[in-house]
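FYI, it's all coordinate maths here, none of it is from the lab. Quick caveat, the model's predicted, so the values are computed rather than measured. Reconstructed Cβ throughout: ideal geometry from the backbone, glycine too, with neighbour counts over all protein chains shown.
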C-alpha cells in the first residue's frame, strides 16, 4: 500500500518524538527504558498520569513540557494527514476530478456541446476529442453521465431540452451543438431551444426517419443525420466499391493517418478574394489541395474551376495534413 509523503512524515515525526522523549526521560529523569517509553506515550496522548517514581525535579518537568508540545504537534499533523488520506481513498479521487471538471467547464469556450451520451453521442464525442476539439456532454441518465465522466469528458447532468442546462453547458460560449439524444422529439426541442438562445450557432441533429429530418430542418438544424441511413449507405459502398469506401474512411475517420479534410469560409479581408485557384497556386505554397467550393446559397462544386475567382463568404474544402490545412486556413480566414 502506497502512503502519501505527508502521512509518512507525520508517522516518522511521532517515532522520533517517542525515541527522543524516552531517551530524555532515561537520562534526565532516571527512568527505565520501559517506563520512559510508557511515560512518553501517555504524555503525548494526554490520557492522565502520575509522575513515575515520585515527584519529578525541575529539569524533568521541563522535559515533560517539551515532549508534550512536540508530541502533540506531531500527533495532530499525523492525524490530519491520516484523515486526508482516508478521504482520498474513499472519495478524494472522484471528488478532485469533478472539481477539476467544474473548473474547466467554467472556462469552456469555443467548444462543442454534445447532447446525449448514447452510442451516437459517445462516438461523436470520441471523434471530436481525437481531433482535439473541446467539448461538453449533457446527459440526463446518471449511468450514462458517469460513463462520460469516466471517459474524461466535462459533463453537465440534466435534461438538454431545458434552457438552464444548456446555459450551464456554456451555450453562449460554444461553437456548435450536437443533438444526439435517443428521442426524436427531444432533439427537436433541443434544436428549437438552441436556436432561441443562440440564433447563429451551428446545430447538428440526429433523426430517425425522413419525417423527423424535415421537422429538424424546419426547426433550424444546419445538418441532420440519420445514423441508419448513413450505415446503410456505407454498407452499400463497401459491397460495391470497398476500395473507395476504405479510402474515405482513412481520410475522414482514421486517427493514424495524417491527412484531414477541413472547411473554410473566405473572409472579407482574405487576400484570396478576387483571385483564382490558378493564380494562388495553393498546392505549391501550402501543400494542401482545394477539392470543393460553394458560393453562398449554392451547392458544393467538387474539383472547382481553377479560373473562377474566390468571393467573400464562399465555403472552401481542403485536404492535407494539419500543418498544411493550417496554412490554408490562414489564407482564407485571415482578418
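A protection proxy built from the mean count of other Cβ atoms within 10 Å ranks the segments 175-183, 37-45, 294-302, most packed first, as 175-183, 37-45, 294-302.
Its Kirkwood hydrodynamic radius, worked out from the mean inverse distance over all distinct Cα pairs, puts the chain at 25.7 Å.
Against the chain, whose longest principal axis is taken from its Cα atoms, helix 184-197 shows a tilt of about 90°. Structure remark: mean-square fluctuation, Gaussian network model of the chain, C-alpha springs under 10 Å; the largest value among 213, 173, 51 belongs to 51.
Centre-to-centre, using Cα atoms only, the stretch 264-335 and the stretch 1-46 are separated by 76 Å.
With both residues required to sit in the chain, DSSP beta bridges show an antiparallel share near 40%. Note on the stretch 28-177: Cα-Cα pairs beyond 21 Å make up 60% of the total pair count.
If the chain linking residue 123 and residue 228 were pulled fully straight, counting 0.36 nm for each residue of separation and taking away their Cα-Cα distance, it would gain 36.4 nm. GNM remark for the chain: springs join alpha carbons under 10 Å apart, and the peak mean-square fluctuation among 153, 259, 310 falls on 310.
Listed by Cβ neighbour count within 10 Å, with the fewest neighbours leading, 315, 115 appear as 315, 115. Going by the alpha-carbon gyration tensor, a ≥ b ≥ c the square roots of its eigenvalues, is the stretch 5-91 rounded (a/c under 1.5) or, if a/c is not under 1.5, prolate (a/b greater than b/c) versus oblate? Prolate, because a/c is 1.5 or more and a/b exceeds b/c. The angle between the Cα long axis of helix 5-27 and the main principal axis of the chain comes to about 10°, on a 0 to 90 degree scale. Derived from the Cα gyration tensor, the three semi-axes of the equivalent ellipsoid of the stretch 258-332 are 17, 13, 12 Å, largest first.
A viscosity of 1.567 mPa s and a temperature of 4 °C, combined with the Kirkwood radius over Cα pairs in Stokes-Einstein, give a translational diffusion coefficient for the stretch 160-319 of 71 µm²/s. Between helix 93-106 and the chain there is an angle of about 40 degrees, using the helix long axis and the longest principal axis of the Cα atoms. Secondary-structure-derived ellipticity at 222 nm for the chain, considering helices only, amounts to -16500 deg cm²/dmol, per-run term -39500 (n - 2.57) for DSSP H runs with n ≥ 4. In the stretch 112-225, the alpha-carbon atoms span a convex hull of 85 Å³ per residue.
For the chain, the relative contact order comes to 10 percent (Cα pairs under 8 Å, sequence separation of at least 6). Peptides 318-327, 224-233 ranked from most to least packed give 318-327, 224-233, packing being the mean of other C-beta atoms within 10 angstrom over each peptide's residues.
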